[in-house]
Amino acid sequence: MHTIDEDMRRVVEEQRLGFAATVCPDATPNLSPKGTTAVWDDDHLIFADIRSPRTVENLRHNPAIEINVVDPISRKGYRFKGTGTVLTEGTLFDEVLAFYRRRRVVNEIRSVVLVEVERAMPLTSPAYDLGATEQEVRERWERHHEALRWGESGAPTGE
Ligand SMILES: Cc1cc2nc3c(=O)[nH]c(=O)nc-3n(C[C@H](O)[C@H](O)[C@H](O)COP(=O)(O)O)c2cc1C
């Protein structure tokens, strides 16, 4: 299918942090960050279950999942919607574990989640709706983070 294109791959590889939403048995949403989010191939994302009990339990009952990955400086990213499979053993599980060990993830990994991406869509801040360029948006948020580093206050205008 090739749902994950080059730019999506770039953003996921740069950020490595996705917010994964699953569905609880009582139909309420469950959202939590996964800093092990990575592209596995052209149609699959992965993340490691280090301590994600609710996400994993939800996926065992309902495989529906959406992951958002956003660059906090450019205020752009992607949303990936699909189905998640929890892997606890087997060749693929071992390959994914080896991938994380190469990435120096040293935590114990209980299971890995393989997400088949059925739809991938861009996310952009409303700042772009007002005509800002990516350069302008980047500078705005770089200044903000620089100010935070120096203990200064004053949030930037816009999203
Ligand atoms: C920045 C950040 C990255 C995280 N990355 C992961 C991760 O890759 N895997 C994991 O299992 N938990 C990770 N966590 C911890 C889970 O998000 C946290 O334990 C959460 O409560 C799990 O919720 P869940 O059971 O609903 O999935 C991360 C937390 C933060 C703040």
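The values are calculated or read from the model by the stated rules, or taken from the named source; none is laboratory data. On a predicted model such as this, the values are computed, not experimentally measured, just so you know. Reconstructed Cβ throughout: ideal geometry from the backbone, glycine too, with neighbour counts over all protein chains shown. Protein only, heavy atoms only, side chains kept; ligands, DNA and RNA dropped before computing areas. Shrake-Rupley method; radii C 1.70, N 1.55, O 1.52, S 1.80 Å.
Annotations
- Per the listing M1, M8, the residue uniquely modelled with pLDDT under 95 and of a type outside the set (D, E, K, R) is M1.
- Taken as a whole, the condition of being within 26 Å of P156 (Cβ to Cβ), open to solvent by less than 60 Å² (accessible area, probe 1.4 Å) and among the acidic types (D, E) applies to D71.
- Number of residues in the range 36-49 that are within 12 Å of the ligand (Cβ to nearest atom), among the aliphatic types (A, V, I, L, M) and out of contact with any Ser or Thr (no Cβ under 7 Å at 6 or more places or on another chain): the value is 2.
- Selection status of R79, under 28 Å from W141 (Cβ atoms), away from the ligand (no atom under 14 Å from the Cβ) and not assigned by TED's automatic domain parsing to the domain that holds E159: yes
- The set of residues from the range 77-88 being touching a Pro at 6+ places or on another chain (Cβ under 7 Å) and either surrounded by fewer than 19 Cβ atoms within 10 Å (Cβ to Cβ) or over 22 Å from I50 (Cα atoms) (or both) comprises Y78, T83, T85.
- Residue match in the range 93-110 (condition: open to solvent by less than 60 Å² (accessible area, probe 1.4 Å), at positive phi and not assigned by TED's automatic domain parsing to the domain that holds E134): no
- Subset tally (residues that are within 21 Å of the chain's Cα centre (by Cα) and outside any helix (DSSP H, G or I)) for the range 126-155: 0
- Note on the range 6-35: residues that are more than 10 Å from the ligand (Cβ to nearest atom), of a type in the set (A, V, I, L, M) and open to solvent by 20 Å² or more (accessible area, probe 1.4 Å) amount to 2.
- Condition check for E118: open to solvent by 50 Å² or more (accessible area, probe 1.4 Å), more than 24 Å from D26 (Cα to Cα), away from the ligand (no atom under 13 Å from the Cβ) and free of Cβ contacts under 8 Å to residues at least 24 places away in the same chain: no
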